[in-house]
Amino acid sequence: MSRLTLVGTVHRDPRGLPRLVETLERLGPDILTLEFSIYGFRYRQKRKKLLRQRLLEGLREIQGADSLKAGELKVLLRSAGIGGLAALLELPFEYKGATFYSHRHHLPLLYLDVSSYSRQLLSHLDELLCPANLKKLIAFERSSLQEAVEREYFLAKNLLVDGKGSLWRKFIPEQEEWEKRDRMMAERIKKVLAKYPTAQVVHIGGWQHLLAQQGTLFNLLEDLNPKRILLGHLQL
C-alpha cells in the first residue's frame with residue numbers, strides 16, 4: 001500500500017478551499033506537502049494589500065471613474081480574467097486549506113516548491129496589473145472564473161485518464177524548466193518519506209504534475225505507486 005497521495009488542483013478554483021479540506025479530512029494524512037514556496041508566501045504576505053490597491057486603481061482608470069460601484073466590481077471579480085488575476089494576488093486556496101487542516105490536526109506542513117520559479121512567475125505582476133492588460137482581460141475573459149475552472153477540470157480529467165496525444169503539452173509551458181522543477185520537488189518528497197518511514201504523506205499541487213508523461217512529478221515518483229486524486233472529480 002502506497003504511503004503517498006498526490007492531490008491535483010486547478011489553481012484559483014473559487015470552490016477549492018472547501019473541496020480541499022473535505023478531501024484532506026477523508027484521506028487523514030500524517031504529513032502535508034505543498035506546491036508552494038517560501039518566496040511566494042513572503043511576497044504575498046508583504047505586498048498583497050499594495051497589489052489589491054493597484055488592481056482597483058487600474059480598474060477605476062479603465063472605467064473612467066473615481067470609484068467602482070459594488071455591483072460592477074463584484075461582476076469583474078467573478079470573471080475568469082479579472083477574478084483570476086485577483087486570485088493570483090492572494091495566498092492560494094491550496095495554502096489556506098492545507099494550513100487550516102495542519103493546524104486543526106497538529107500536523108507538519110512543508111513547502112516544497114522552488115523559490116526561483118515563484119520569483120520568475122511573480123515578476124510579471126507589474127505587467128499583468130497595467131491598465132492595458134486589464135482592458136484585455138475584461139474584453140476577452142468574460143466567462144465566470146468558476147466556469148473556466150470547471151472547463152479545466154473537465155480537460156484535466158480526460159488527460160489524466162487518457163493522456164495520449166499532445167494536448168497535454170499546452171498545459172506545461174517551458175517543459176525543460178518544468179521538468180527541472182518537478183525533479184526538485186520529487187527529491188524533496190522522497191526525503192520526507194525517508195525521514196518519516198511510517199507516515200502517510202499527501203502532496204497538494206497543480207493537476208499538470210499528475211500527468212503520466214515523461215518528467216512530471218507523478219512520472220518521477222511512479223516507482224512509489226502513488227495514488228492520484230483530481231480534487232473533487234477523480235481518483236486514480
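The values are calculated or read from the model by the stated rules, or taken from the named source; none is laboratory data. Note that the structure is predicted; figures quoted are calculated from it, not measured. Here the Cβ positions follow ideal geometry from the backbone for every residue, glycine too, while neighbour counts run over all protein chains shown.
Some values worked out for this structure:
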| read-out | value |
| --- | --- |
| Test: residue in segment 94-110 that is within 18 Å of the chain's Cα centre (by Cα), within 18 Å of G8 (Cα to Cα) and free of Cβ contacts under 8 Å to residues at least 40 places away in the same chain | yes |
| Residue tally, condition modelled with pLDDT of 90 or more, surrounded by 19 or more Cβ atoms within 10 Å (Cβ to Cβ) and more than 17 Å from the chain's Cα centre (by Cα), over segment 27-68 | 4 |
| Residue within segment 195-207 that is in contact with a Leu (Cβ under 7 Å, 6 or more places away or on another chain), in contact (Cβ under 8 Å) with a residue 24 or more places away in the chain, in a helix (DSSP H, G or I) and more than 23 Å from A87 (Cα to Cα) present | no |
| Residue satisfying condition, being surrounded by fewer than 17 Cβ atoms within 10 Å (Cβ to Cβ) and of a type outside the set (F, W, Y), within set S115, S79 | S115 |
| Single condition E147 does not satisfy, out of (1) free of Cβ contacts under 8 Å to residues at least 24 places away in the same chain; (2) under 21 Å from D13 (Cα atoms); (3) of a type in the set (D, E, K, R) | (1) |
| Residue match in segment 159-170 (condition: at pLDDT 95 or above, part of a helix (DSSP H, G or I), over 20 Å from the mean Cα position of the chain (by Cα) and not small (G, A, S)) | no |
| Any hit, segment 50-62, residues being small (G, A, S) and over 29 Å from Y101 (Cβ atoms) | yes |
| Of all residues making up segment 12-44, the number that are polar (S, T, N, Q) and closer than 14 Å to A87 by Cα | 0 |
| Matching residues in segment 185-200 - criterion: being under 10 Å from I31 (Cβ atoms) and among the hydroxyl-bearing types (S, T, Y) | Y196 |
